[in-house]
Amino acid sequence: MQFNLVKSIANKALLCLFGLLMVNTPGIAQLPTCTGASAGLIYYVSGTAIYNLDPTQPISSTNPVLNTISLPSSGSGLSLGPNLNAAGPSPTFYTVVGSGYNYYYYNGTSWVNTGFNSGNFAAINPAGGGSYIYNLLPANGNVYKYNGAASSSLLTTLTGSYIGDLAADCNGDFYALNTTSPASLNEYNSSGTLINSWAASGVSTNAGGGLAIINNHLYFNNGATLYGGAIVTGGIAVSSLATLSTQPSDFASCPVSTTVIGKTDTVYACSGGAGVPVTAPGVAPFTWTVVSGPATITGTGATVSVTASANSVIVAQFTSATSCGATIDTFKIIVPTALISTGLPATITGCGTYTNTLNATLSDTTAGLTYLRAWTPAIAISSGANTLTPVTHLFTNTKLTLTISTPFNQGGCSFIDTGTVYVIDKSVKAKFTDTVHYGCAADTLYLTNKSTAQTSQVWNFGDNTTSTLLNPTHLYTSQGHYSTLLTVTNGICTDSVRATVDTPHAVHASFTASADTICQGQTITFTNKSSGIYPSYTWSFGDGGTDTNASPNHTFNHEGVFLVKVVEKDFVPCYDSSTLRVFVDSVSFLKFTTSDTVLCQGQGITFTGQYINIGNTGNSWDFGDGTVITDRNPVEHGYSAPGTYPVTLTAKFRVCPDTTIKKNVSIFAYPAINIGPDTSMCPNGNPIQLTDIVNAGHSGATWHWSTGDTSSTTTATQPGVYYATVSVNGCAASDSVWIKNDCYLSIPNSFTPNNDGINDYFFPRQKLSEGLVTFKFNIYNRWGQLIYQTIHIDGRGWDGKFNSLDQPVGVYIYTIDATYKDGETESYKGNVTLLR
């Protein structure tokens, strides 16, 4: 895009003069013209004055020179371009006036209000060209466009910081100088789209009020200093040119002369092809010239046909359709070139399909052009069809064509080469047959390789084992469905084939029974659920019975637990068996016993039932007195009242009927017995007669005394405990009496007065009989000294002390004189040992 403007400025704008000399005319021109010397002037505003400046000449008293035309009193900014509002004069000046910021144009004698504004009160930086006036508001980058028929409208907003003015060209494009680093001169079309840009070095400020483009040069001011630089393809080098006597606020210059009006200046033609049309903008007359290269121009007028065999340059001279004057347009004719080779013929070795990467070449291409690549037929290319190195996908010898072409906008030229790919088939074919010999522990697979053209093979048997033998034999130790894969190769091609080997032939014996628990004499139906190939069956029922039917019936005539078994045999033969336990209950006998033959009231009686336990699920006892006990055997029960009770025992069975037995049980009352109250006697005193006063004279009673007597009476001759047991109807009761010793004294032989609460005192009274009346008790030490004496029957006795002092361990002498209630007296003398 840079080439267009540089070419427009460097070649065409300069040639716009078409041989006329630019001269420095010190005279004062009123209306501007864009021909002759006036085409190269900068018109700038200082206050309301307009000055004519020739930037190519030194600053002097006659450069710049004051123009006779001045701005209205409230005018701001200045533009030079076609008259958009009247028939003439054109070109003319435009300015923005007053608070209404309307555009005014100069009609040759005065300023005329167009009635249309600039779009913003601060938009006072106009530039005219083509059919528009553009106006910049530097504060925000807004650009407004005026077409002479309505007030300005906002066209676009530029990004960056800009010199406060615009320039425009004959096509209606406008230019803005962006001072944001890196600075650049930017060209925009009438839609506000950026179409060209040139880097601008040396721009360090955005101050200044004017911008102008004349011929191939850029001009702008900062205060009274004029800056400028040539516009070339590589960019713009800006430097200070001069200091003006007055400070400009705005620049105006003739629209930049350019011919880029919807046509490219570069034309593409195919060598040896038909002529391509070339059109120049503007109005007649047209003069076409071949500047360089082997080109031929056919035709006259705005559009001609050009044929060329190599790159060429042609020029058209014409009159511009705008106010830019006579100009020329230069067209560069590009003739694309290319040398190509498919690199074929080639030989590809393959396996039914043939895949390889081709290596075509492309050289002698024209710089800057795009070259498209295409292979035909498309079906022969698997990938890379738009490259020089495609991957083929062939089935037979194939002729391939490589076409190199440029896009339509670059001439649409084509370059073709053709070659043939030859294929060599190295295919192998995998094939095999298999036979299975079945066994019980393992199945044997026999394989026969029927493949062709292979040099080696690998077998995969589907059970994680392999073989490289030609015709292997394989054992399957587990039955199943195996995918057997044979892969064959000759080092180039590989093929494989897969077959499923089915070895399941399991013998699985299984059956169900209509019942597994029955009562003796019932029949069970057995239903065979076995699986196997060509099976046969042998049944045994555990009670000696057998059968060979698949699903037999069998009657069990004896109780017990029987193991039913079926053995299945298949075609190999292999065997399997299945078993089931059958429980056969029997109608049970039933009776019960008691723990005693004579049963008494209140006695705990153990009842024990007798019946078959096989199949028994529980029992129930009804004791006839309202008591029922379940699921207990033996069971204990007692009756609280005598009488005859019906006892019922029921035994329950899971299959066979429940069994019940009932039997009466007689319960007798315990007899009463009374042999008298407790009493006492002295040893060797008168005997005492003891008699069962309740049952004496009972003919059914029997007795047993502790004296050995068996009658209702016995005689007690000594103190002691006497008891008697009486039995009536097998039930017994007992009674006892205590005949106490009423006439004797018991004396201990030692004591231990150590305050432990046990045997701490020596006192015979603790065992004295109830008949003691008087009592005298003395203690002497071994020297005959009386150390303790008491006559109190209820005293504690001697505590082992004398005069509150503990007496030594040893033997002491005691004397006792006692009188009993029967008048008898006794005296005692003896030794007692004191222990600590």
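The values are calculated or read from the model by the stated rules, or taken from the named source; none is laboratory data. All of these numbers come straight from a predicted model, not from anything done at the bench. All Cβ positions, even for glycine, are placed from backbone atoms using ideal geometry, and neighbour counts span all protein chains on display. Please note that ligands, DNA and RNA were not included when accessible areas were found on the heavy atoms of the full protein model with its side chains. Shrake-Rupley method; radii C 1.70, N 1.55, O 1.52, S 1.80 Å.
Only protein heavy atoms count here; under a 1.4 Å probe, TYR43 has an accessible surface of about 0 Å². With 0.36 nm allotted per residue and the present C-alpha distance subtracted, the THR193-SER99 stretch has 30.8 nm of extension available. Inter-label distance, SER414 to GLN522: 9.7 nm, where each label sits 7 Å from its Cα along the C-beta direction.
The length gained on full extension between THR300 and THR594, counted as 0.36 nm times the residue separation minus their Cα-Cα distance, comes to 90.9 nm. Across the range 60-116 the C-alpha pair distances fall into 10 Å bins from zero in the proportions 23, 52, 20, 5 percent. Stretching the chain fully between THR691 and SER577 yields a gain of 32.6 nm (0.36 nm per residue, less the alpha carbon separation).
Using only DSSP helix segments of four residues or longer, with each worth -39500 (n - 2.57), what per-residue ellipticity at 222 nm results for the chain after dividing by its residue count and rounding to 500?
Working: 1 runs with 5 residues, N = 836.
Using -39500 (n - 2.57) per qualifying helix, the result is 0 deg cm²/dmol.
Each of THR387, THR538 has its accessible area taken with a 1.4 Å probe; listed largest first, they run THR538, THR387.
Find out how many positive minus negative residues lie around TYR476, taking Lys and Arg as positive, Asp and Glu as negative, among other residues whose Cβ is under 15 Å from that of TYR476.
Details: positive: none; negative: ASP434, ASP443, ASP463, ASP502.
In short, -4.
Using the Cβ of PRO255 as centre and a radius below 11 Å, the other residues enclosed give a net charge of -2, where K and R count +1 and D and E count -1.
So for the range 562-692, what percent of the C-alpha to C-alpha distances run longer than 23 Å?
Values: 4981 of 8515 pairs.
Summing the P(r) of the range 562-692 above 23 Å gives 58 percent of all pairs.
Placing a label point 7 Å from the Cα of THR833 along the Cα-to-Cβ direction, the residues of the range 775-818 whose backbone N falls under 15 Å of that point are 809-813. Taken per residue, the accessible surface of the range 206-248 reaches 35 Å², heavy atoms only and a 1.4 Å probe.
Provide the FRET efficiency to the nearest 0.05 for the THR157-LEU372 pair, computing r from the beta carbons and using R0 = 45 Å. It comes to 0.70. For the chain, with all protein chains in place and a probe radius of 1.4 Å, 50% of the accessible heavy-atom surface sits on carbon or sulfur. For the range 94-245, the alpha-carbon coordinates run over 42, 37, 27 Å along the three principal axes, in decreasing order. In the chain, Rg over Rh equals 1.61, where Rg is the alpha-carbon radius of gyration and Rh the Kirkwood radius from pairwise Cα distances. Would you tally the net charge around ASN186, using a Cβ to Cβ cut-off of less than 14 Å, leaving ASN186 out, and scoring K and R as +1, D and E as -1? Surrounding charge for ASN186 is -4.
With every protein chain kept in place and ligands, DNA and RNA left out, what is the accessible area per residue of the range 53-130? Probe 1.4 Å, answer in Å².
Numbers: 2880 Å² over 78 residues.
Per residue, the range 53-130 has 37 Å² of solvent-accessible surface.
The simple spin-label model puts a point 7 Å past each Cα toward its Cβ; for SER341 and ARG654 those points are separated by 9.8 nm.
Could you sort HIS505, HIS437 by accessible area so the largest value comes first, with the probe set to 1.4 Å?
Values: HIS505 5, HIS437 100 Å².
Sorted by accessible area, descending: HIS437, HIS505.
Highest mean first, how do 399-411, 168-180 rank when packing is the count of other Cβ atoms within 10 Å averaged over residues? Can you show the working numbers first?
Details: 399-411: 17.4, 168-180: 24.5.
The densest-packed peptide leads the list: 168-180, 399-411.
Rolling a 1.4 Å probe over the protein heavy atoms gives the range 376-479 an accessible area of 55 Å² per residue.
Quickly rank 560-569, 287-296 as a protection proxy: mean count of other C-beta atoms within 10 Å, highest first. Walk me through the numbers before you get to the answer.
Working: 560-569: 18.2, 287-296: 15.0.
Per-residue mean Cβ counts within 10 Å order the peptides as 560-569, 287-296.
Going by accessible surface with a 1.4 Å probe and the largest first, VAL304, VAL112 read VAL112, VAL304. Dividing the mean sequence gap of close Cα pairs (under 8 Å, 6+ apart) by how many residues the chain holds gives a relative contact order of 5 percent. Sorting 485-493, 368-376 by their mean Cβ neighbour count within 10 Å, with the most densely packed peptide first, gives 485-493, 368-376. Karplus-based coupling profile of the range 563-579, in residue order and whole Hz: 8, 8, 9, 10, 10, 9, 10, 9, 6, 5, x, 10, 10, 8, 9, 9, 10, with θ = phi - 60° in 6.51 cos²θ - 1.76 cosθ + 1.60 and x standing for Gly or Pro. For the pair GLN57 and ASN107, what calculated FRET efficiency results from E = 1/(1 + (r/R0)^6), where r is the Cβ-Cβ distance and R0 = 41 Å, to the nearest 0.05? Efficiency computed from Cβ-Cβ geometry: 0.85. Restricting the calculation to alpha carbons of the range 83-156 gives Rg and Dmax of 11.5, 36 angstrom. Taking label positions 7 Å along the Cα-Cβ direction at both SER804 and ALA442, the computed distance is 11.3 nm, reported to one decimal.
Taking R0 as 51 Å, what FRET efficiency do you get between THR477 and THR403 from their Cβ-Cβ distance, rounded to the nearest 0.05? Working shown, then result.
Working: r = 64 Å, r/R0 = 1.25.
The formula returns an efficiency of 0.20 here.
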